[in-house]
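Please read the structure below before turning to the comments.
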Amino acid sequence: MGDMIVDVMDEDTQKGRYLIFSIDNDNYGIEIQFVVEIIGIQTITPISGLPEYVRGIINLRGKIIPVIDVRLRFKKAFKEYNERTCIIIVDINGINVGLIVDSVSEVVRINEEDISELPNINQKSQNIFVKNIGKIGNEVRLLLDCAKLLSEEYMESLNEIV
Amino acid sequence: MSDFNTNDTLIDLFLFETSQLLEQLEQVILSTDSNNYYSEEDINEVFRIMHTIKGSSAMMSYRSIFDISHAVEDLFSYIRNNNPKQDYCSSLNDLILNCIDFIKIELEKISGRKNVDGDSAELVERIKAFLDDLKNNKFIRLDGNDETINIFKAVVCFEDGCQMENIRAFSVVYNLYDIITEIIYYPSDIIENDESAEVIRKEGFTTCFKTYKSQDEIYEHLIKTLFVKELQLTKIDEETFEYLKNNFQNNQSEENLDEDNDISREEEIVSLIDSDKSQFYNELSNEEKEKPKNETHISTTVQNIISVSVEKLDKLMDLVGELVIAEAMVLQNPDLDGLKLDNFQKSASQLSKITNELQNLVMSVRMVPLSATFHRMQRIVRDMSKKLNKDVHLEIVGEETEVDKNIIEHITDPLMHLVRNAVDHGIETPEERELMGKSKEGKLILEAKNVGNDVHIIVKDDGKGIDKKKVLEKAKENGLIDSFENMSDEEIYRLILMPGFSTKDSVTEYSGRGVGMDVVANNIEAIGGKISIESEENHGTQITLKIPLTLAIIDGMNLKVGKSTFTIPTLSIKESFRANKQDIITDPNGNEMIMVRGQCYPVLRLHEYFDVETGVTDFSDGIMIMVSQETKTVCVFADRLLGKQQVVVKSLPQYIKRFNNVKSISGCTLLGDGSISLILDVASIINDKN
C-alpha cells in the first residue's frame, strides 16, 4: 500500500469527516482532524518494558513515532501484519502516535443528526474507546475517542471490564 | 494594572529586553561593588538602562516598574550632575539590587500573564530617602584629604637575585593603578623588554605618580610588594613631575599603558602565581573590575546580532540530523553495490563535505558562552557573603568557554548549589581565616575550560576543605555505608553526593538540608557528565564538573542483539573482547561473572535484559563489552559489534517516556539504513546490575 497523505483541510471542511478503518469485521471512525497521514506497515523497533499494545517506535522521515496496535488496545488477539495493515499517524494534543489497524477504507462525512450517543445498556461489554455511533445509510460506524486511546488510565478500567 | 490589552509579541519583546537590561545592570552594579566606586561611565550606564526600562514600562503601562525605574533614574541623575564626593556605593548597591529583584519578580508575573500587582511604594520611598540623605551629605568620606592631589616619586630596589625585576616592577605599577590618576616610570619598557630587568637591578625602579592618597598610605601600599629591599618615597611638585615625564622619554600615554597591560596580563598572572598569592590576587581583582565594564559596553554597541528562539534552532538541528541520515541512506544504498560510479562518487564526496560543514555550523550556532551563567553566581556570592558575614571574592576564569545551549540549562542549578556550598560550608569567617593564617578574604574560583570533547567547570575554594572523618561518621550515622575500611579519598568524597547527606550541623538558609549535592550529581549525570572532588583539609576543595560539549551528537559503538541494534556511548566503553569459557563464574544464585586480568566483573546479557530473541547465547559466540561509569564496571554481552559511528541523539517520544518501565534507554538514533538504534544508558545499567 502506497503512502497516502491526507490533505490539510480547512477546519470547516474537516468537520464531520471521519477516516474509517477496520479491525476484524468492525468499522471504526476517527475524526479526520486528528489524522496526519496514513502509511503502510514499517519496521518497528521494539522497546522492552512497554505495555503489549505499544509495539515500539518507527522512523518516519527522521521523526521518532511510537506505534500502538489498536487490536491489542481493544484486547483482541494479535494478528500478523500483512500488506493491508496500515499505520494511521495521528496528532492528539501535540502527541504524534501511529495506530496500527487491519486496513483503512475511506473518508466519509457523517452528519451530526446521524451521530447518536451509545445506548446505555450492558455497560460491561462496552468498548470504552467508542464515543459515539455514526450511521451511514444502513451501516453503523463506531466513532472513537482518540484521546482515550492514548491515555493510560483507561487501561485499568479496561482490565476490570475484561 | 495591565488591563491594557496589548498583544503577546509586544509583551514578549518587553520581557526579553527588560530582563537583558536588568542583567546588564546587575553586572554594572556588581562590578562597582568590588571597586566600591562608581565611575562616570557606570553612572551613565545605570542611568541609560533605567531610562529605557522606564520608557518601555510606561508604554506597556506597568505602573510599579515605571515608578521604581523613575525613582532610580532621578537618583542617578542627581549623582551624575552633582557627583557627590561621598561614600555611598555599598548602600546604594543594596538598594539598586533590591530594585532589580523587585522588577524581576514583576517580570515573572508578566510572563505568567498574571496581574502585575507588586507594591513599589516602599522601595520608591527608600530611594527617595536615599536621595535626600545624599543631598544632605550623610555619606561623607572618612578620609578628608581626598581633595588634594599629591605627587610622589618612588625609587624601588628589589632584593638581589629575586629575578624578573621588570615583572615585579610592573606589579608595583599595577598595584598602584587603582589609587593614582597619572603615572610615569623608568625604565618605561618593563613589559616588552626583558633587558630592563638589568637596568632595574642596577639603578632601581623609578616611578612618579599623582594620587589623592597621603604619603603614609602610599608607603604602606608599596612596601607590601614582594622582594622590595629599599623604598624611597619623596614628595615632588608638578614641575618636577613634568620634567621627569619628558626625561623618562615616556611616550606612553595612559591609554597605551592600558593596552600593554591587556596584552601582557596573561603572562603576568602566570609568572606571579608562584611568587605570592596575595599579589596574584590583587592582579586579578583589578582585571575583574575592568572586565564586566568592557563587556556591558560591547553588548550595547554590537548591533548585528539577532536573537532566535531555541525552538527554531532545535528544528534546524533536527533537520540537519535528518539530512545526515538521508545522505548516508543515499550513499550507502544497496542498489549501488558493485557499480562503478566515478562521477557519482565525486559528487557524493562533495555533498558529504557540505553536510559536514553544515552540521558543524549548526552545532556552533547553538553554542553559548558561559559568561551569563557565571556572572549570575557573582550575585549569589555577594548576597551570601553579606548575610553570612564572610569575606568572599569570586574570581571568574574562562567565562568565554562555549557549551551547547541545552547544557547551560542543565548546569545552572548544580553550579548554584556548588557555589552556595563553597561559600557556606567551605570558606570560613574572616576571624577563623586569620587564626589559620590565611588572608581574611576567602577566594572562590569559578573556572571553565575545554578539555578534548569535554568542558570542565571547576568550582574551587580556599576554605577548610572536606573533613573526611566527619563525612565517614555522618555516612555511617545515616546508614549510607556499613564499614569504611579500605575506602579511597575519592570514594569518601563521593559520599557527599549521596541523597540525604549533609555534614553541616545546622540547617541554614542556604544549605545543610542534605538535598543539593545529590541533585547536583543527578543533573550532571543526566547530561552525561561526571563529577570529581578533590579536597585538602584547611586548604580548600575543588569540584570539577566534566561535561560533554554537546548532547546532540555523540560517538557511539553500535552493537547487534538479535534483530535489534543498540548504541553505547564510546566514552563509557573500556574495551571489548571475546570471553573464554573458563573465565566465566556463576554464583549459586545464577549471577554470571567474568574474570578479566584477575578482576571480577558482573556480566549483563543484553538479550535477557531487553528481552530480545537471539541465537547467540553462548559466551564464546558473542562479544563482551566492558563499560564503566565512575568507579563501577560491568561487562555487557551482545551478539556482535557493528562499528563506531557518530550518532545524532534523539530523545524517545514523550509518549514512550511516560511508561515508567522503560529502562536504561537514554534515547535513540537513526542508522544509515533508516532503522532505529536504541542508545543505552550505561549509568542505569550499571546501577541495575549492582
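Being among the charged types (D, E, K, R), within 14 Å of another protein chain (Cβ to nearest Cβ) and open to solvent by 20 Å² or more (accessible area, probe 1.4 Å) is the filter here; which residues of the stretch A:48-87 pass it? Correct list: A:GLU52, A:ARG55, A:ARG61, A:LYS63.
For A:GLN42, indicate whether it is within 14 Å of another protein chain (Cβ to nearest Cβ) and open to solvent by 40 Å² or more (accessible area, probe 1.4 Å).
On the way: within 14 Å of another protein chain (Cβ to nearest Cβ): yes; open to solvent by 40 Å² or more (accessible area, probe 1.4 Å): yes.
When the stated conditions are applied, A:GLN42 passes them.
For the stretch B:613-625, filtering for residues that are surrounded by fewer than 18 Cβ atoms within 10 Å (Cβ to Cβ) and either within 44 Å of the chain's Cα centre (by Cα) or not small (Gly, Ala, Ser) (or both) leaves 4. Taking (1) within 13 Å of chain A (Cβ to nearest Cβ); (2) open to solvent by 30 Å² or more (accessible area, probe 1.4 Å); (3) touching an Asp or Glu at 6+ places or on another chain (Cβ under 9 Å) in turn, B:GLN629 satisfies each apart from (1).
Pairs are defined by a Cβ separation below 8 Å, a sequence spacing of at least 6 or placement on different chains, a first member in the stretch B:313-325 that is facing chain A (nearest Cβ under 10 Å), and a second member that is outside any helix (DSSP H, G or I) and open to solvent by 50 Å² or more (accessible area, probe 1.4 Å); the pairs so defined are B:GLU322/A:ARG61. Filtering B:LEU388, B:LEU415 for residues that are open to solvent by 10 Å² or more (accessible area, probe 1.4 Å) and not acidic (Asp, Glu) leaves a single hit, B:LEU388.
All told, B:LYS663 meets the bar of being basic (Lys, Arg) and in contact with a Phe, Trp or Tyr (Cβ under 9 Å, 6 or more places away or on another chain).
When B:VAL381 is tested against (1) over 20 Å from B:ASN523 (Cβ atoms); (2) open to solvent by 30 Å² or more (accessible area, probe 1.4 Å); (3) not in a loop (DSSP other than H, G, I, E, B), exactly one condition is not met: (2). Among the residues that make up the stretch A:14-37, is at least one of them in contact with a helix residue (DSSP H, G or I) (Cβ under 7 Å, 6 or more places away or on another chain), on the phi < 0 side of the Ramachandran plot, within 14 Å of chain B (Cβ to nearest Cβ) and open to solvent by 30 Å² or more (accessible area, probe 1.4 Å)? Within the stretch A:14-37, not a single residue is in contact with a helix residue (DSSP H, G or I) (Cβ under 7 Å, 6 or more places away or on another chain), on the phi < 0 side of the Ramachandran plot, within 14 Å of chain B (Cβ to nearest Cβ) and open to solvent by 30 Å² or more (accessible area, probe 1.4 Å). Checking B:PHE374, B:PHE344 one by one, the residue that is touching a residue at least 12 places away in the same chain (Cβ under 8 Å), aromatic (Phe, Trp, Tyr) and not in a strand (DSSP E or B) is B:PHE374 and no other.
Among helices (runs of 4 or more DSSP H) lying entirely in the stretch B:1-114, which contain 2 or more residues that are closer than 30 Å to B:LYS443 by Cβ? Break it down into steps so the answer makes sense when it comes.
Values: elements: B:8-35, B:40-59, B:63-82, B:89-111.
Result: B:8-35, B:40-59, B:89-111.
Apart from one condition, B:LYS689 fits all of (1) open to solvent by less than 50 Å² (accessible area, probe 1.4 Å); (2) under 21 Å from B:LYS530 (Cα atoms); the exception is (1).
Number of residues in the stretch B:646-679 that are within 31 Å of the chain's Cα centre (by Cα) and either more than 12 Å from every other protein chain (Cβ to nearest Cβ) or among the small types (Gly, Ala, Ser) (or both) equals 6.
Can we say B:VAL362 is outside any helix (DSSP H, G or I) and more than 30 Å from B:GLU441 (Cα to Cα)? Before you say what the answer is, go through the steps one by one.
Working: outside any helix (DSSP H, G or I): no; more than 30 Å from B:GLU441 (Cα to Cα): yes.
No: the conditions fail for B:VAL362.
Residue by residue through the stretch B:398-411, note down the ones that are farther than 15 Å from B:ILE543 by Cα and either open to solvent by less than 50 Å² (accessible area, probe 1.4 Å) or in a loop (DSSP other than H, G, I, E, B) (or both). Walk me through how you get there before you give the answer.
Restricting attention to the stretch B:398-411, the residues satisfying the condition of being farther than 15 Å from B:ILE543 by Cα are B:398-410.
The answer is B:GLY398, B:GLU399, B:GLU400, B:THR401, B:VAL403, B:ASP404, B:ASN406, B:ILE407, B:ILE408.
B:ILE179 falls short on exactly one of the conditions (1) more than 23 Å from B:SER39 (Cα to Cα); (2) loosely packed, with under 14 Cβ neighbours inside 10 Å, and that condition is (1).
Answer yes or no as to whether B:ILE325 is among the aliphatic types (A, V, I, L, M), at pLDDT below 85 and farther than 20 Å from B:VAL647 by Cβ. It would help to see each step written out before you state the result.
Numbers: among the aliphatic types (A, V, I, L, M): yes; at pLDDT below 85: yes; farther than 20 Å from B:VAL647 by Cβ: no.
No: the conditions fail for B:ILE325.
Return yes when B:ARG201 is open to solvent by less than 40 Å² (accessible area, probe 1.4 Å) and in contact (Cβ under 8 Å) with a residue 40 or more places away in the chain and no when it is not. Even if it seems obvious, please write down each step before you answer.
On the way: open to solvent by less than 40 Å² (accessible area, probe 1.4 Å): no; in contact (Cβ under 8 Å) with a residue 40 or more places away in the chain: yes.
Here the answer is no, as B:ARG201 does not meet what is asked.
Anything in the stretch B:165-191 that is among the acidic types (Asp, Glu) and over 20 Å from B:ASN246 (Cα atoms)? List them, or say none.
If we filter the stretch B:165-191 for residues that are among the acidic types (Asp, Glu), which is where we start, we get B:165, B:178, B:182, B:189.
Those that are among the acidic types (Asp, Glu) and over 20 Å from B:ASN246 (Cα atoms): B:GLU165, B:ASP178.
Selection of the stretch A:88-107 for residues being open to solvent by 30 Å² or more (accessible area, probe 1.4 Å) and of a type in the set (D, E, K, R) yields A:ASP91, A:GLU106.
Among the residues in the stretch A:113-123, are any within 14 Å of another protein chain (Cβ to nearest Cβ), of a type outside the set (S, T, N, Q) and open to solvent by 30 Å² or more (accessible area, probe 1.4 Å)?
Within the stretch A:113-123, the first condition is being within 14 Å of another protein chain (Cβ to nearest Cβ), and the residues that meet it are none.
No.
For residues that are more than 20 Å from B:TYR493 (Cα to Cα) and of a type in the set (A, V, I, L, M, F, W, C), scanning just the stretch B:396-427, find the one that is farthest from the chain's Cα centre (by Cα).
Keep residues of the stretch B:396-427 that are more than 20 Å from B:TYR493 (Cα to Cα), which gives B:396-413.
Still in the running and of a type in the set (A, V, I, L, M, F, W, C): B:396-397, B:403, B:407-408, B:411.
On the way: B:ILE396: 7, B:VAL397: 8, B:VAL403: 10, B:ILE407: 12, B:ILE408: 10, B:ILE411: 9 Å.
That would be B:ILE407.
Residues in the stretch B:456-477 that are farther than 23 Å from B:ILE380 by Cα, out of contact with any helix residue (DSSP H, G or I) (no Cβ under 7 Å at 6 or more places or on another chain) and not in a loop (DSSP other than H, G, I, E, B): B:LYS469, B:LYS470, B:GLU473, B:LYS474, B:LYS476, B:GLU477.
For the stretch B:72-107, give me the residue count where each residue is farther than 17 Å from B:VAL46 by Cβ and either in contact with a helix residue (DSSP H, G or I) (Cβ under 9 Å, 6 or more places away or on another chain) or loosely packed, with under 14 Cβ neighbours inside 10 Å (or both). Let's see the steps before the verdict.
Step one: filter the stretch B:72-107 for residues farther than 17 Å from B:VAL46 by Cβ, giving B:85, B:87, B:105-107.
The next check asks that each one be either in contact with a helix residue (DSSP H, G or I) (Cβ under 9 Å, 6 or more places away or on another chain) or loosely packed, with under 14 Cβ neighbours inside 10 Å (or both); those that pass are B:85, B:105-107.
Final tally of qualifying residues: 4.
Is it true that B:ARG640 is open to solvent by 20 Å² or more (accessible area, probe 1.4 Å), of a type outside the set (Ser, Thr, Tyr) and within 14 Å of chain A (Cβ to nearest Cβ)? Here the answer is no, as B:ARG640 does not meet what is asked.
The values are calculated or read from the model by the stated rules, or taken from the named source; none is laboratory data. These numbers were taken from a predicted model, which means no experiment stands behind them. Positions of Cβ are generated from backbone atoms using ideal geometry, with glycine treated the same way; all protein chains shown enter the neighbour counts. Note: areas computed on protein heavy atoms with side chains; ligands, DNA, RNA excluded. Shrake-Rupley method; radii C 1.70, N 1.55, O 1.52, S 1.80 Å.
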